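The next block holds one structure in the form of structure tokens; read it before the comments.
The values are calculated or read from the model by the stated rules, or taken from the named source; none is laboratory data. Everything numeric here is computed off the predicted structure, so don't read it as measured data. Neighbour counts run over all protein chains shown; Cβ positions are idealised from the backbone, glycine included.
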Amino acid sequence: MDEKKTEEKQTCEAAAEETKPNVEAEACECECHEKAESCECECEHEGKGHGHGKKKEIERLKAENEDLRKELDVAKNAYYKAYADTENAKRRLQQEFDTANKYKMQSFGKEILPVIDNLERALIVKSDSEDIKTYVKGFEMIYNQLIELLKKEGITEIEASDKPFDPNFHQALMQESREGVESGMVLEVLQKGYMIKDRILRPALVKVSE
């Protein structure tokens, strides 16, 4: 009887020894599984945090790029405006220079015209005196030289005699009825008019038919 109890006790102890390693193994497996899950959670959390930070950085760079683009547009507009203003100023100055160069003889022409008038009056003097004829010939040479000089500078006589009256070029001082002449015709030039290029230097003073 005692032997039988002893055998049963030994069998139970052996079974307990065999079960113990399995329990410890299961406990170890559970612990490792928990650690693995914890590690995965931490990695997933860190991954999400990293992705969120990258997205914010991209948004920041996009905002900076948009600001730079706006500044570039402002700079471009300022450049184009300054360029246009400069080109307009250059054109205006060139036009002013061309105009001044084109009509540079205008003041001189106005001052010389009375001299031309006086020479023309001297040339119509009739005399039998050889001395007077000599003087007239000298006046005629001076007159012709002045006329050629004025022509070179673009100063030319306005045609008026026997032409229709044109208020743009003629100034009527007198009117006269003349048989066979239609109304509004220039009958006589009282004082010659002159142009400088395409401008009126002095209108012609004329007598016009009624």
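Quick notes on this one:
- Neighbours by Cβ (under 7 Å, 6+ apart or cross-chain): first from region 180-192, more than 30 Å from I112 (Cα to Cα); second of a type in the set (D, E, K, R) and in a loop (DSSP other than H, G, I, E, B): S183/E210
- A single entry from A63, A15, A75, A84 fulfils the requirement of being of a type in the set (A, V, I, L, M), at pLDDT below 55, part of a helix (DSSP H, G or I) and more than 30 Å from K151 (Cα to Cα): A15.
- Residue list for region 109-161, filter: within 57 Å of the chain's Cα centre (by Cα), of a type in the set (D, E) and more than 25 Å from A172 (Cα to Cα): E140, E148, E153
- Candidates K104, K137, K151, K133 - the one that is surrounded by 12 or more Cβ atoms within 10 Å (Cβ to Cβ), among the charged types (D, E, K, R) and in a helix (DSSP H, G or I): K133
- Of everything listed in (1) farther than 27 Å from T99 by Cβ; (2) surrounded by 15 or more Cβ atoms within 10 Å (Cβ to Cβ); (3) not aromatic (F, W, Y), the single unmet condition for R202 is (1).
- Selection status of A84, over 30 Å from I200 (Cβ atoms) and surrounded by 10 or more Cβ atoms within 10 Å (Cβ to Cβ): yes
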